[in-house]
Amino acid sequence: MCDYSLHATASRPAKIADKLVTTSFVSSSTRGFAAVGEPTVAVCLLPGTEVVFNREAEYDHIFGRLLPSRCKLGSNVARFRQVSLGDPNAHHDALEFPNGRTVLVTRLRPGQHATVIQLPAGQRTVAEPTSDTVVLRPGPGITA
């Protein structure tokens, strides 16, 4: 999903192996994910999507403007989820880390790189075969 405050920003759904970067969008004060090379297009994650950052993820302290500090999250792997769904005026997009910490996507430090490693089971799409793809086909007497 893309947070409500990104409604005026171009967006597309995430795909497996997408290379993402955390960013602040021009049309919004909300931070989110953009594809590397597409800084003006928000990449929307569905609940259950897993990402891996290329180093330990960091976020800005809630009082970051008063007390600038980088807070580390203790992991580079996270699962997307939504929080505070009952509050229409709150940010809902968040990442949950293996240590149980949850942080709003809008609080992630800009410029961090991540890769989509898994989509929710019902959302997986099969990529087109490439020249490097091995395609297994059933043989005689074997059914798929």
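The values are calculated or read from the model by the stated rules, or taken from the named source; none is laboratory data. Every value quoted in this text rests on a predicted model; they were computed, and no experiment measured them. Here the Cβ positions follow ideal geometry from the backbone for every residue, glycine too, while neighbour counts run over all protein chains shown.
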Quiz item: Restricting attention to region 43-72, which residues are in a loop (DSSP other than H, G, I, E, B), at pLDDT below 80 and of a type in the set (D, E, K, R)?
Solution: R65
Practice problem: Check T40, T49, T102, T30 and return the single one that is touching a strand residue (DSSP E or B) at 6+ places or on another chain (Cβ under 6 Å) and closer than 23 Å to T9 by Cα. | Solution: T49
Exercise. List every residue pair whose Cβ atoms sit under 9 Å apart, with the two residues 6 or more apart in sequence or on different chains, where the first one lies in region 75-96 and is on the phi < 0 side of the Ramachandran plot and the second, anywhere, is at pLDDT below 85 and acidic (D, E).
Key: H91/D3; H92/D3; D93/D3
Practice problem: Might you let me know whether region 109-121 holds any residue that is closer than 26 Å to S11 by Cβ, at pLDDT below 90 and out of contact with any strand residue (DSSP E or B) (no Cβ under 8 Å at 6 or more places or on another chain)? | Solution: yes
